[in-house]
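The structure appears right after this line, and notes come after that.
The values are calculated or read from the model by the stated rules, or taken from the named source; none is laboratory data. The structure presented is a predicted model; accordingly, all values stated were derived computationally and were not measured. Every residue, glycine as well, gets a Cβ built from its backbone with ideal geometry; the counts of neighbours run over all protein chains shown. Just so you know, the surface numbers come from the protein's heavy atoms only, side chains and all, with ligands and any DNA or RNA stripped out. Shrake-Rupley method; radii C 1.70, N 1.55, O 1.52, S 1.80 Å.
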Amino acid sequence: MNRFAFYPGCVSKGSCPELYESVVQVMGLLDMEVEELTDVGCSGAGVLTSEVSDPINARTLAKAEQMGLALMTICSTCQGVIGAAALRLQDPEYRAFINKEYLAAEGLEYQGTTEVKHFLWVLVEDFGLDELKALVRRPLEGMGFSPFYGCYLRRPADVVGRRERRTYIEKITEVLGGTVVNISGKGKCCGFPSLTINEPNALAMTAKHTGEAKDNGADAMVTPCPLCHLELDGEQTQAAAAARRTIEMPILHLPQMVGLALGLDPKGLGLGRHFVSTAKIVAQLEPVEAAVTAT
């Protein structure tokens, strides 16, 4: 059995609890064990400088290292920030400084061995696409999904690592029986970071991405980042109004899409919590097969 130190991040325990609930259910179905880190801090979300966030993330990495486990994230922003910190902490001199100045007082010392992996990467690299396909109970046939990676899961190259990770959502979608509907901005910003600074620009980005997915024939968009979900789902009505058009594009968290294909109950996956209705998605699934409940 694969085991991971689970870093859920802030948003999945606050504004997007359906993400937390759905990933725990999916990992259970895959027989992959997660041990949640409950006494660690926010990654900094790319807002804090590295001088402030690196000590915080070094502590998180040290906690996972003590457990002898890789660190699994479910937020692409957390993945990018913690991954970048882990890369900087490969420098022995810098790591020694962080250990001495920030971790030693707590009896911690980071050795630089923790691997940081997003749930998306875990699905492909640790569980496997063939194994995932074998567990599909409710194929997503006849449904189109637009992948939306956002800012951190496709760049920078040295933090992301393997180049093939840039297409993992597409591969998973196809394994689950769905059709990939590409859009030009799938690796660009959703608009969330600039929402409070330049709302018109943020809404324009949201309208562009969701509108293009609709125009290209997608039934839903799928994202591995809860911040992207907050923007694309939560701000979509305002974005559509600003763009003077109708969009109504459902936005799924990655584990929700996976869970649906594995036969999990849509209600249990939190599809009723979204701002943009997912009723059309659920209606296409209901006749296929009775849902299962994760234990």
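Some notes on this structure:
- Close contacts from segment 148-163, counting a first residue that is β-branched (Val, Ile, Thr) and a second that is open to solvent by 40 Å² or more (accessible area, probe 1.4 Å), with Cβ to Cβ under 9 Å and a gap of 6+ residues or different chains, come to 159/87; 159/152; 160/152; 160/154; 160/166.
- Residues in segment 41-74 that are at pLDDT 95 or above and in a loop (DSSP other than H, G, I, E, B) were compared, and the one that is most open to solvent (accessible area, probe 1.4 Å) is 68.
- Pick from segment 139-160, criterion closer than 27 Å to residue 280 by Cβ and open to solvent by 10 Å² or more (accessible area, probe 1.4 Å), ranking: nearest to the chain's Cα centre (by Cα): 139
- Summed over segment 164-205, residues that are without any contact (Cβ under 8 Å) to a residue 12 or more places away in the chain, under 20 Å from residue 245 (Cβ atoms) and not polar (S, T, N, Q) total 1.
- Every residue from segment 250-270 that is out of contact with any Pro (no Cβ under 7 Å at 6 or more places or on another chain), closer than 17 Å to residue 146 by Cα and hydrophobic (A, V, I, L, M, F, W, C): 251, 252, 257, 258
- Note on segment 206-219: residues that are in a helix (DSSP H, G or I), in contact (Cβ under 8 Å) with a residue 12 or more places away in the chain and surrounded by fewer than 15 Cβ atoms within 10 Å (Cβ to Cβ) total 0.
- Listed here are the helices (runs of 4 or more DSSP H) enclosed by segment 232-295 that have at least 2 residues being modelled with pLDDT of 95 or more and open to solvent by less than 30 Å² (accessible area, probe 1.4 Å): 236-243, 254-261.
- Every residue from segment 112-138 that is over 20 Å from the mean Cα position of the chain (by Cα), touching a residue at least 60 places away in the same chain (Cβ under 8 Å) and open to solvent by less than 50 Å² (accessible area, probe 1.4 Å): 136, 138
- On the stretch given as segment 1-40, residues that are outside any loop (DSSP other than H, G, I, E, B) and either β-branched (Val, Ile, Thr) or open to solvent by 50 Å² or more (accessible area, probe 1.4 Å) (or both) total 13.
- Conditions (1) surrounded by fewer than 15 Cβ atoms within 10 Å (Cβ to Cβ); (2) in contact (Cβ under 8 Å) with a residue 12 or more places away in the chain; (3) over 22 Å from residue 14 (Cβ atoms); number of the one not met by residue 95: (1)
- Any hit, segment 75-89, residues being open to solvent by 40 Å² or more (accessible area, probe 1.4 Å), closer than 27 Å to residue 154 by Cβ, under 17 Å from the mean Cα position of the chain (by Cα) and touching a residue at least 60 places away in the same chain (Cβ under 8 Å): no
- Failed condition for residue 192, given (1) open to solvent by less than 10 Å² (accessible area, probe 1.4 Å); (2) within 19 Å of residue 76 (Cβ to Cβ): (1)
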